[in-house]
């Protein structure tokens, strides 16, 4: 059933971190209703993962009658998630005050890049921009090569959607004491900054430099980096502790005594060169076999196509296939309330009639709203 079974969430359709947050909650068992735009009905989409395991109602939010439809859904909801720029929901008549007047216990989750206030609140941006001002983007890369782009994992999904999910769950816990909901202002710049905390701590201690690729955890060391193999693939080493370093050198056929004093930065470049020479003598699979059963903090660098087929993932059932799309299974795992199997992504407007009827709209009123274009319903197979 999932640990969040019984939790009702209204998701105002958007892209990226907001839908990711809704997916996390849905994976854990929450009942999520996604509010899509009528213009999306019948239009193909490809974001299957970020729409899975929920129902869809298509509503024109710019129509006052559409706003009233959403407010009816809010009356029976525990959570609302929106990802517009600050002020948009208020102009639509769906701001926190209006919604919580209808439902004082509502947790109102707001997902933005820059936050609800501050000089950049209304400025356009994407993950790379939010990550840039945290210091994280400058810290990832190689010396002289410029910052490396860490996909949109840091701000969109880690510092954005995942932190919004944490904030929503915290607000729900607080509601158990106060009986009242509250607004969760989840800014990607704040969440991404939170993720960098350990590096600010290391820098304060003098253990981290601002030059990328010169530190223990950014590829600066010889024992914490990736190396190219004979077949043009790569392997990764993360042997931070002494015992793992010794196992690493021995498996590579190197004398651990030649790698004493691992903290001496002046020795890192030449040691890295030596390890690179050795690694290039075998294929990636040959190194996988060499390190089998060795505690050296080793793993092959896999592609997105290869990863789901890795024996460890296969054994744990960490990936599933829905509508022909391979995707991560729900996580984390729960022993008493296991997460339900994810269901396919709903077509925009697929459940419009069902959802409105469940919210108490009479059949005649539903048809009126459909005829007026306030809501839209997908036809069978569309």
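The figures follow:
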| quantity | calculated |
| --- | --- |
| Scan of the stretch 75-100 for residues that are surrounded by fewer than 23 Cβ atoms within 10 Å (Cβ to Cβ) and in a helix (DSSP H, G or I), ordered by number | 75, 88, 90, 91, 96, 97, 98, 100 |
| Residue check for residue 64: under 22 Å from residue 331 (Cβ atoms), assigned by TED's automatic domain parsing to the domain that holds residue 170 and at pLDDT 95 or above | no |
| When residues of the stretch 42-70 are limited to those that are over 25 Å from residue 161 (Cβ atoms) and under 28 Å from the mean Cα position of the chain (by Cα), the one surrounded by the fewest Cβ atoms within 10 Å (Cβ to Cβ) | 42 |
| Filter result (touching a helix residue (DSSP H, G or I) at 6+ places or on another chain (Cβ under 6 Å) and free of Cβ contacts under 8 Å to residues at least 60 places away in the same chain) within the stretch 232-248 | 239, 246 |
| Set 244, 237: member being assigned to a helix (DSSP H, G or I), modelled with pLDDT of 95 or more and either in contact with a strand residue (DSSP E or B) (Cβ under 9 Å, 6 or more places away or on another chain) or under 18 Å from residue 143 (Cβ atoms) (or both) | 244 |
| Qualifying residue in the stretch 328-347 (condition: within 26 Å of residue 233 (Cβ to Cβ) and outside any loop (DSSP other than H, G, I, E, B)) | yes |
| Some residue of the stretch 140-151 being assigned by TED's automatic domain parsing to the domain that holds residue 80 and buried (at least 23 other Cβ atoms within 10 Å of the Cβ) | no |
| Cβ pairs under 8 Å, 6+ apart, first in the stretch 358-382 and within 18 Å of residue 74 (Cβ to Cβ), second assigned to a loop (DSSP other than H, G, I, E, B) | 359/76; 369/361; 374/60; 374/63; 375/60; 375/349 |
| The lone exception for residue 159 - which of (1) free of Cβ contacts under 8 Å to residues at least 40 places away in the same chain; (2) surrounded by fewer than 15 Cβ atoms within 10 Å (Cβ to Cβ) it fails | (2) |
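The values are calculated or read from the model by the stated rules, or taken from the named source; none is laboratory data. Values in this document were obtained by computation on a predicted structure and should not be read as measured data. We place every Cβ from the backbone using ideal geometry, glycine too, and count neighbours over all the protein chains shown.
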